[in-house]
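Only one structure is covered here, and it is reproduced in the block below.
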Amino acid sequence: MADFQVVELFESINGEGRFAGELANFVRLKGCNLRCNYCDTAWAYDDDADCVVMTEEEICRKLLDSGIYRVTLTGGEPLFRENIAVLLERIDREEGLALEVETNGSVPIAPFREIAPKTSFTLDYKLPGSGMEQQMCLENFEQVSPQDTVKFVVSDRSDMEKATEIIRRYELDKKCTVIFSAVFDRIEPVDMVTFLQENKLNHVRVQLQLHKFIWDPQKRGV
């Protein structure tokens, strides 16, 4: 068995992604290899962030006991944690659970495909507004499948223009779900809709972070 530093494990709804609005258990692991300037979970990557050390069996048992089918593994950045393949494989093979991994787009997903074939990956593409675009792993766009999502977190029009370039270059709208997600308080949702109309982005979804409208935007564990 392996140990994992869990900063949060809670029940809520998916606030974003292809399963937005559905019940899910969230497993948030400590640590991240990026420093996006709009990060809303920066506290989770601090060295002194409070966490509980749990094995993959302890995590899986807690998930099963909850009675909630969907699981969102997030961070920070979960895929760069030591022994993460052990946790992915354990949850993926459990018939009573469906795993989604939220990854920041900087880590190759190919090594995890074989060990976790049922798992869906939601990959961010960090646009210029994040300050982290140079860290993106572009080879991931050759790996995405219909069960996956690519999420562009947009701050302004120039971010949407770059996202459109990436979508068209890799034909992402033909391979997987594609989402434009607004950086909270940085861009007006109506401007995102207008941009989609202007550019005829028929297979791109505009999405807001539901949990920030249902609860206080700073609230944790939701």
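Observations, loosely collected:
- The strands (runs of 3 or more DSSP E) located wholly in the stretch 1-79 that include 1 or more residues which are open to solvent by 40 Å² or more (accessible area, probe 1.4 Å) and of a type in the set (S, T, N, Q) occupy 3-13.
- Residues of the stretch 127-143 classified as modelled with pLDDT of 95 or more, touching a helix residue (DSSP H, G or I) at 6+ places or on another chain (Cβ under 7 Å) and outside any helix (DSSP H, G or I), total: 1
- From GLU89, GLU82, GLU95, residue being assigned to a helix (DSSP H, G or I) and open to solvent by 40 Å² or more (accessible area, probe 1.4 Å): GLU89
- A count restricted to the stretch 130-144 and to residues that are touching a residue at least 60 places away in the same chain (Cβ under 8 Å) and open to solvent by 20 Å² or more (accessible area, probe 1.4 Å) stands at 3.
- From the list VAL107, VAL178, the lone residue that is of a type outside the set (Gly, Ala, Ser), part of a loop (DSSP other than H, G, I, E, B) and touching a helix residue (DSSP H, G or I) at 6+ places or on another chain (Cβ under 6 Å) is VAL107.
- Condition check for ILE187: over 19 Å from CYS39 (Cβ atoms) and either loosely packed, with under 12 Cβ neighbours inside 10 Å or free of Cβ contacts under 8 Å to residues at least 60 places away in the same chain (or both): no
- Every pair of residues 6+ apart whose Cβ atoms lie under 6 Å, when the first sits in the stretch 148-165 and is assigned to a strand (DSSP E or B) while the second is of a type in the set (Lys, Arg): THR149/ARG18
The values are calculated or read from the model by the stated rules, or taken from the named source; none is laboratory data. In this text the structure is predicted, and so the values were computed from the model without any measurement. Cβ atoms come from the backbone with ideal geometry, glycine included; neighbour counts cover every protein chain shown. All accessible areas refer to the heavy atoms of the entire protein, side chains included, with ligands and DNA or RNA removed. Shrake-Rupley method; radii C 1.70, N 1.55, O 1.52, S 1.80 Å.
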